[in-house]
Amino acid sequence: MSDVHPTNQLNGARRSLPCDSALRKRSAKVIPGGMWGHMSAKSLPPAYPQFFRSAEGVHLTDVDGNSYIDFVCAYGPMIVGYNDPDVEEAAGRQQARMGIANGPGEVMVDLAEFLVETVPAADWAIFGKNGTDATTACVSIARAATKRRKILVANGAYHGAVPWCTPWPGGVVAEDRAHLLYYDYNDVSSLEAAVGEAGDDLAGVLVSAFRHDARIDQEMPTADFAHAARAVTDRNEAVLIIDDVRAGFRLDLGGSWEPLGVQADLSAWSKALGNGYPIAAVTGKDWLREAVQTVYVTGSFWCAAAPMAAALATLRKLHRGDAVTHMARLGEKLRSGIESQAAARGIGIRQTGPAQMPLILFDDDHTLEKAYLFSTKALQRGVYLHPWHNMFLSAAHTDADIDLTLEATDAALEAVADVFG
């Protein structure tokens, strides 16, 4: 697989990145900023590579030959292992027959049927390429169905990278968000107040699977909040939309709010759906079927068949392997191990979010100095963690991977203790 296996790098030696540095210089000349978006390494500590050569299972190898046990999983899309043989075989077989044509392949119907079987709230499915495609389509469908304009979103929530929802101000004008109203996640009174502000113009309420804003403690949805979101949309004949792009298929294969007994009218999916292949989906209830057909959402590559074959193979593999239970167990093992290590050194940490999608933050670390030191030291020992973004477990992680990771985090926490006391 990789040139250097993580087990050979637990001595903590600092890694050199000459090839990565050269690529950054080259890219700066032909790509604005050299790199952009959430996969840029600019906001990460200097030791983090920007460019990678190969990926296999849970291991990433950068262009300088350094290999890592990965807990970012391409920011979520990898769920059954990089270069998974079952997924790659299915996608390759479909691509050999037909990649893209004047219409979709039969695999689109197969995938839609399997999604409807998998997701209890789904009576139908449509497809796109990115999570932003899916969330934007959901907003348009809600407005088409209700003939209203107002969409409620949580303060600080991330739902994509187009003007109506991007967290960055460049190129955005006030009119792009003229009909968004805001509430605080898990705050029922705040939600009710936003509903009151919308009045008879409420089209829908958009909620994240859980509060996964960057750099802050994550929050799982409370039962009260989830049921309140369902109640206010029912009461106002509006649409409840769950953005399951980030969390989908890691918390529950049927949808992240299924354990709470709350079903969405529309759900947005992407990331893990194709195990790295570009695909997104919207699933929804029957009462929205006619409205969907009045909304024009499309793209030149939206009917590409190979990503649909990859998604179908991914979903089938997740079902066969009881993947959610596996990821949760290993996530809890990692979490409890780090908690014990930190407690032994008197280091205050906060581990929040679901165990399958953990976030580690340090107490009294407003400038992230502790987080950056911790993640850098773990990286030097062959473990790729993120200092301020939620991470991801996958079905390909093993107990051995967690054991090796805990060796690295133990040394990394020792470094934090040495520097900060």
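The values are calculated or read from the model by the stated rules, or taken from the named source; none is laboratory data. What you are looking at is a predicted structure, and each value in this text was computed from that prediction instead of being measured. Neighbour counts are summed over all protein chains in view; Cβ atoms, including those assigned to glycine, are modelled from backbone coordinates with ideal geometry.
Numerical summary
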read-out: Residue match in segment 287-296 (condition: farther than 22 Å from ALA137 by Cα, out of contact with any Leu (no Cβ under 9 Å at 6 or more places or on another chain), crowded, with 18+ Cβ neighbours inside 10 Å and not assigned by TED's automatic domain parsing to the domain that holds ASP410); value: no
read-out: Complete set of residues in segment 9-42 that are modelled with pLDDT under 50 and either assigned by TED's automatic domain parsing to the domain that holds TRP168 or surrounded by 14 or more Cβ atoms within 10 Å (Cβ to Cβ) (or both); value: GLN9, LEU10, GLY12
read-out: Any hit, segment 359-368, residues being of a type in the set (Ser, Thr, Tyr) and free of Cβ contacts under 8 Å to residues at least 40 places away in the same chain; value: yes
read-out: Unique residue being in contact with a Leu (Cβ under 6 Å, 6 or more places away or on another chain), crowded, with 19+ Cβ neighbours inside 10 Å and not in a helix (DSSP H, G or I) when the list is TYR158, TYR68; value: TYR68
read-out: Selection from segment 383-397 of residues that are under 12 Å from ALA371 (Cα atoms) and surrounded by 22 or more Cβ atoms within 10 Å (Cβ to Cβ); value: LEU385, PRO387
read-out: Among the residues listed as ALA355, ALA400, the single one being surrounded by fewer than 16 Cβ atoms within 10 Å (Cβ to Cβ) and free of Cβ contacts under 8 Å to residues at least 60 places away in the same chain; value: ALA400
read-out: Residue within segment 86-109 that is of a type outside the set (Asp, Glu), in contact with a Ser or Thr (Cβ under 6 Å, 6 or more places away or on another chain), buried (at least 20 other Cβ atoms within 10 Å of the Cβ) and in a helix (DSSP H, G or I) present; value: yes
read-out: Every residue from segment 403-415 that is touching a residue at least 40 places away in the same chain (Cβ under 8 Å) and buried (at least 22 other Cβ atoms within 10 Å of the Cβ); value: THR405, ALA408, THR409, LEU413
read-out: Segment 208-250, subset acidic (Asp, Glu) and touching a residue at least 60 places away in the same chain (Cβ under 8 Å), residue nearest to PHE362 (Cα to Cα); value: ASP217
read-out: Scope segment 141-182; condition among the polar types (S, T, N, Q) and more than 22 Å from the chain's Cα centre (by Cα); matching residues; value: THR146
